[in-house]
Structures are given as C-alpha cells and as structure tokens.
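Right, one structure below, let's go through it.
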Amino acid sequence: MSIEHSPPSTYILRELHDVTVPDSVSWMPQTIGWKILTVGLLILAVFLVYRRLQTWWQNRYRTEAIAAINNLNLNDQSFEDSLYSIVKIVLVYLDPANGKLFGTSLLRQIDCLGDGKNTFDGVLGQKWTQSLVDPATVLNTDERASLQQKVLNWMMVHQNQKKLRISEGEGRHV
C-alpha cells in the first residue's frame, strides 16, 4: 500500500514546488582509466588464483604423504616398512631413478633433497634401513617417534626435483 504525494492544500504553501529526486548514480566506472584498472585487477586476480591452484596441484602428493604418515601407528609391527614405503613412493614420484636406491644411498638422496637441518644418514637412519632387512634390529618407540617426526619435517621442506627440472629446462631454451 503506497501513499500518493499530494500538493500542499493550504494557502500559505500553494507556491511551493516539490523537490525533484536526482537520478541514481551508477556504480560502473565511467572513465576509461577506471575501466583499465578494473580489467587489470581482474587479470591479476585470475593469475593469482591460477598460481595458487598450480602450487596446490604440484604439492598434493605432500599432503597425501603427510596424512599417511600421521595415520601410522608407532606400536605397529610394520611401522618401519610402512614409513619406508611412503618415503620411497615420494622419492620415485620426484624422480623415477630413485626407485633403485636403498640403504646409505637412499638416506643420502633424502638428505640431498632436504633443507640440511634434518639428516637421515646417521645412526637412526642406518638403524632404520637395517631394520627393514634384519628382523633382529628393532626400533624402540622413541626412535620410531623421532624418525616419524624427521620424515614429516622432510616432507614439508624437501625440494621438488620435477619443479627444478622444469625451471632448469626453461632456462636453457631461453
């Protein structure tokens, strides 16, 4: 129900006129400069979303591996084998030539890809690889927890060889 506006009916107000309501202002940019800025910001936003998706896609293996490592039970008999399998799958994903590595060469490759803060080619790493082939060598719970934490830290910081090879290859062709 709307009320219609009626003109003043008194003698004193008869010369007054209604105030005209101005036209609404458009929110669309009216000058070319604002249109160029808007298009530039849209292009930048699309580029940033693309880079974010590309980074997520390239690092999805990390999140899957970290989730798998976090799901391992420290008291499980096959903890060492499961942890080794996850590390080996990641190494082979990074470079198929890593599939033949075992023992000290595997630990050195892990160290080579890491940030240098966590080293696997030490007593704990040697004992870990020994426990994979020798049933008499068993890691205690503290060693397993330490190894699990080292592998988790390595998963978060290791270099992606695929990404490095792509950028090196682009550098040669330019």
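The values are calculated or read from the model by the stated rules, or taken from the named source; none is laboratory data. As the structure is a prediction and not an experimental result, all values here were calculated from the model. Don't worry about glycine lacking a Cβ; one is built from the backbone with ideal geometry, like all the others, and counts go over all protein chains shown. For the accessible areas, the whole protein counts, side chains as well, though only heavy atoms, and no ligand, DNA or RNA atoms are used. Shrake-Rupley method; radii C 1.70, N 1.55, O 1.52, S 1.80 Å.
Odds and ends about this structure:
- None of LYS127, LYS150, LYS162 is under 18 Å from GLU64 (Cα atoms), at pLDDT 90 or above and either surrounded by 14 or more Cβ atoms within 10 Å (Cβ to Cβ) or within 20 Å of the chain's Cα centre (by Cα) (or both) except LYS150.
- When restricted to residues that are buried (at least 19 other Cβ atoms within 10 Å of the Cβ) and within 23 Å of the chain's Cα centre (by Cα), the stretch 87-108 contains 4.
- Residue that is nearest to the chain's Cα centre (by Cα) [pool: residues in the stretch 57-83 that are open to solvent by less than 40 Å² (accessible area, probe 1.4 Å) and closer than 22 Å to GLY122 by Cα]: ILE69
- Filter result for GLY122 (at pLDDT below 90, among the small types (Gly, Ala, Ser) and open to solvent by 40 Å² or more (accessible area, probe 1.4 Å)): no
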